[in-house]
1. Criterion first (outside any helix (DSSP H, G or I) and either of a type outside the set (Ser, Thr, Tyr) or surrounded by fewer than 19 Cβ atoms within 10 Å (Cβ to Cβ) (or both)) does PHE255 satisfy it?
2. Considering only the range 160-177, how many residues are farther than 18 Å from ALA215 by Cβ, charged (D, E, K, R) and touching a Leu at 6+ places or on another chain (Cβ under 9 Å)?
3. Taking the criterion of being touching a Gly at 6+ places or on another chain (Cβ under 6 Å) and under 19 Å from LYS148 (Cα atoms), would at least one residue in the range 329-344 satisfy it?
4. Just name the residue that is surrounded by the fewest Cβ atoms within 10 Å (Cβ to Cβ) out of those in the range 181-225 that are of a type in the set (Val, Ile, Thr) and within 13 Å of the ligand (Cβ to nearest atom).
5. Go through the residues of the range 144-151 one by one and say whether even a single one is touching a Lys or Arg at 6+ places or on another chain (Cβ under 7 Å) and either on the phi < 0 side of the Ramachandran plot or among the hydrophobic types (A, V, I, L, M, F, W, C) (or both).
6. Which condition from (1) within 16 Å of the ligand (Cβ to nearest atom); (2) buried (at least 22 other Cβ atoms within 10 Å of the Cβ) is the one that ILE120 breaks?
7. Would a scan of the range 226-238 turn up a residue that is part of a loop (DSSP other than H, G, I, E, B), at negative phi and within 14 Å of the ligand (Cβ to nearest atom)?
8. Among GLU312, GLU345, GLU339, which is the only one that is at pLDDT 95 or above, assigned to a helix (DSSP H, G or I), over 29 Å from GLU117 (Cβ atoms) and over 20 Å from the mean Cα position of the chain (by Cα)?
Amino acid sequence: MNLLVKRLATGVLLPGMLLLGACSNGEDAAKSESAPSNGIQERTIKAGIGNSETHPQGQGMVKFKELVEEKSGGKMKVQNFFDATLGDDLKMTEALQGGMQEVTVPSTSPLVGMVPEFGIYDFPFVFQNEKEAHAVLDGAVGDKLLEKLPDQGLVGLAYWENGFRNLTNSKHPVKTADDFKGLKIRTMQNEVHLDAFSKLGANPTPMAFSEVFTALETGTVDGQENPLATIKTQKYSEVQDYLSLTKHVYTPFVFLVSKKFWDELSPEEQKVMSEAAQEAGKYQREINQTENEKALKTLEEEGMKINEVTAEEQEKMKQIIQPVTDKYAEKFGTELVDEMMTAVEEARSN
Ligand code: TK8
């Protein structure tokens, strides 16, 4: 609020404001097209995500809203919708394509129908830590995949972090590769995940995120996998006894803007969006680390039986899944996969 007043007091944004106040809608549109510089208009940005406001993804969106409003002198407003109230990742992304919604930050995994190459991030056990994942996402490989989005009616401004996924279930602790056998597991709508869990002998069912709690509660599935902050904020401990720290795959979030909307924006407005998405992303990645650590404690207090998975067992799981990874490397492009692995090795040796 204070910031807004300060910005207005500088008078920098005044011409645009007068222009808006003085014109009818039609004239407005005509002026905005010819407005050469400082073209920041009154805008409302409808943004939706699958997680709750208290989740790091939600906190990132709160930060994005603050930053957009601050950087635009209060002219661009963000309306945040949490908990998949605008629909699931896939549905919201489709709404962006159709120009019905401006922003969403989905996991990359359910977007493989639009950009198949996003599937390389779904290869299990590629990254050992967040630093390695960030090196790939923020480097040439990450950029290459973002560049595929405009053809799909989408603009990707940054990668945020969903994070390393861990398995919960209602049957037994999963400590070895064998323990996956026979478990009915909800997966994201993604073929790599589906095939990988099948290969481990589990019985995977792809499902939209908002349906997971009920599916666990009713026993439609025995388990699911997600980062710790999600397991906590979705209250899965109410319907799951076991949490196994499998860390089997890292999932990025991708910050998306509707291309229809993006193309209407002036360069100044695009800059506001782009900077806010990136700055909020940095913040989001930071709090994701601390929130995941806190979540582990909370889940323990809530009575979940938690077990580690040894590096040796992870390696066994990786070997079992390898044929799946090889098959999809062919499909998405071995060159691209090699580039990713080289970036991982570089990050690992640094
Ligand atoms: C939130 C999803 C979710 C993801 C999933 O919209 O579906 O399990 O991990 O957190 O992107």
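1. On the way: outside any helix (DSSP H, G or I): yes; either of a type outside the set (Ser, Thr, Tyr) or surrounded by fewer than 19 Cβ atoms within 10 Å (Cβ to Cβ) (or both): yes.
Against the criterion (outside any helix (DSSP H, G or I) and either of a type outside the set (Ser, Thr, Tyr) or surrounded by fewer than 19 Cβ atoms within 10 Å (Cβ to Cβ) (or both)), PHE255 qualifies.
2. Total meeting the criteria: 1.
3. yes
4. Top of the filtered list is THR205.
5. Of the residues in the range 144-151, the ones touching a Lys or Arg at 6+ places or on another chain (Cβ under 7 Å) are 150.
Still in the list and also either on the phi < 0 side of the Ramachandran plot or among the hydrophobic types (A, V, I, L, M, F, W, C) (or both): 150.
Yes: one or more hits.
6. With respect to (1) within 16 Å of the ligand (Cβ to nearest atom); (2) buried (at least 22 other Cβ atoms within 10 Å of the Cβ), ILE120 is out only on (1).
7. yes
8. Answer to the check: GLU312.
The values are calculated or read from the model by the stated rules, or taken from the named source; none is laboratory data. Given the structure is predicted, the values throughout are model-derived calculations rather than measurements. Don't worry about glycine lacking a Cβ; one is built from the backbone with ideal geometry, like all the others, and counts go over all protein chains shown.
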